[in-house]
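Remarks on the structure that follows.
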Amino acid sequence: MNNYDEVTQNYKKWYLDLKEEKIFEKRRLEFLEYHQKKGVVRVQVEPTKRCNLKCVMCPIDEIDKEKAKDDLKLEDFELILTKLPESVTNICLSGLGEPFLNKDYIKMVKLASRKGYYVEVYNNGSFFNKEVLKYAGEVNFSVDGIDEEVLKNIRKNIKINKLFDSIKEAVENKGKCKIKLNFTANYQNYKNIKKVYDFCEIVGIDELQIQPTSNNYAIGGSRYKNFKKFIQKNGEIDWSIFSKEYSKNYNFKLTIWYPRKMKGFCAWGFSNIYITKDLEIINCCQRVTKPIVFGNLKEESFEEIYKKMQWFREKHIKKEDILICNDCPY
Ligand SMILES: C[S@@+](CC[C@H](N)C(=O)[O-])C[C@H]1O[C@@H](n2cnc3c(N)ncnc32)[C@H](O)[C@@H]1O
Ligand code: SF4
Ligand code: SF4
């Protein structure tokens, strides 16, 4: 399903018009009000904190090895499902880590889907198992480029043939499951976008999402400071290229999450909730390595923890400083 007109309009709406602060502020308040009224509709559950890759933009190796050792247990996932409010419709069963490394991953996707949830899967293609297609609503593959040198520079240790074979296998066996690609834009890969579009078209991808790279390292640490240079270089990205290169004739849908020129468009803590493999409810999927822990589902109800998060939501609405959110584009 092509959405050429929407892509062209969104470039103006989310990238150009927003230079005007008044429009921006109005949209920001509408956005937060919408997400507050909605209630929690989507939870992200982390199957593991382990990964086989070392992507340049990912802070996963900041996590203490000891803390990352055990994955989410099947019985703990069952407990999570008993605690979710009725408003939840979507479960993203991927966090910071490679979900297929959890030995019970397929069982979890199956369980959530049998309970009626729309399950989102994000993976790096290394251990993809097509069994998941029977249960997931969508499977996303992270593809940050097509050219070998581009991809290998970003996704360290990636086995390129395995990634592209997995994507093709997924498309061939997708049934009702949507197959999507996730492209995290940076100054090294954005010029590769036309090749990514052509790949999507040839292979038969349903949707491509493009998002900016954010500095997800722990605030204040040396790695955070180091990565700032990478983020600054991303200022070179010509974001118009993504809508310009998208053709009316493509058959896949395109979603572009533009880097925000003004902060405050963040639904985390409102309609989106992140649950770690240890069942903690934390701030969001962006700053995961040293998070704010609001509570633990092993000890409290979802509603009790959600109530304790009120200060976090209020600060977002009032645009007050939250240390963990500093420099986050959302
Ligand atoms: C954290 S990964 C987890 C799932 C799986 N390991 C993968 O790479 O697809 C989910 C998505 O977050 C993206 N990501 C990683 N670091 C990021 C960053 N600093 N800013 C924005 N997106 C990032 C990845 O490119 C990937 O598409
Ligand atoms: S982005 Fe995904 S694949 Fe890359 S290191 Fe992070 S968790 Fe692993
Ligand atoms: S760091 Fe803060 S602003 Fe950024 S996504 Fe997380 S909660 Fe939202």
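The charge dipole of segment 166-292, taken about its Cα centre with unit charges on the Cβ of Lys, Arg, Asp and Glu (plus for the first two, minus for the last two), comes to roughly 460 debye.
Couplings for segment 196-205, taken from phi via the Karplus curve 6.51 cos²θ - 1.76 cosθ + 1.60 with θ = phi - 60°, read 5, 4, 5, 4, 4, 5, 5, 7, x, 6 Hz in order; Gly and Pro are left as x.
Can you find, among N124, Y135, S247, the residue farthest towards the positive end of the dipole of the chain? Put +1 on the C-beta of Lys and Arg, -1 on that of Asp and Glu. Farthest along the dipole direction, towards plus: S247.
The lysine pair count for segment 274-330, using Cα distances under 29 Å and pairs eight or more places apart or on different chains, is 19.
Ordering F199, F183 from the fewest to the most neighbouring beta carbons within 10 Å gives F199, F183.
Backbone geometry of segment 57-66 corresponds, through the Karplus equation with coefficients 6.51, -1.76 and 1.60 at θ = phi - 60°, to 3J(HN,Hα) couplings of 8, 9, x, 4, 7, 6, 6, 4, 4, 4 Hz, x marking Gly and Pro.
Each Lys and Arg contributes +1 and each Asp and Glu -1, all at the Cβ; summed about the Cα centre of the chain, the dipole is approximately 400 debye. A simple spin-label model places the labels of Q310 and Y187 4.5 nm from each other, with each point 7 Å out along Cα-to-Cβ. For the chain, adding -39500 (n - 2.57) for each run of n ≥ 4 DSSP H residues and dividing by the number of residues yields -10000 deg cm²/dmol at 222 nm. Within segment 231-330, the GluC sites (Glu not before Pro) that combine a DSSP coil assignment with at most 11 other C-beta atoms in a 10 angstrom radius are E299, E320.
Divide the volume of the convex hull around the Cα atoms of segment 127-230 by the residue count and you get 116 Å³ per residue.
At full extension, E236 and R114 could sit 39.4 nm farther apart than now, given 0.36 nm per residue minus the alpha carbon distance. Among residues other than G221 with Cβ under 12 Å from its Cβ, the summed charge is +4 (Lys and Arg +1, Asp and Glu -1). The three principal axes of the C-alpha atoms in segment 201-330 carry coordinate ranges of 52, 33, 29 Å, sorted with the longest axis first.
With 0.36 nm allotted per residue and the present C-alpha distance subtracted, the E6-K194 stretch has 65.8 nm of extension available. If R0 is taken as 41 Å, the Cβ-Cβ distance between K176 and N226 corresponds to a FRET efficiency of 0.40.
With a simple spin-label model that places each label point 7 Å from the Cα along the Cα-to-Cβ direction, the separation between F31 and D104 comes to 3.7 nm. Computed on the Cα trace of the chain, the radius of gyration divided by the Kirkwood hydrodynamic radius gives Rg/Rh = 0.93.
Taking 7 Å steps out from each Cα toward its Cβ at K152 and V203 produces label points 1.9 nm apart.
FYI, it's all coordinate maths here, none of it is from the lab. Treat the numbers as computed from the prediction; the structure is a model and nothing was measured. For neighbour counting, all protein chains shown are included, and Cβ atoms are generated from backbone atoms with ideal geometry for every residue, glycine included.
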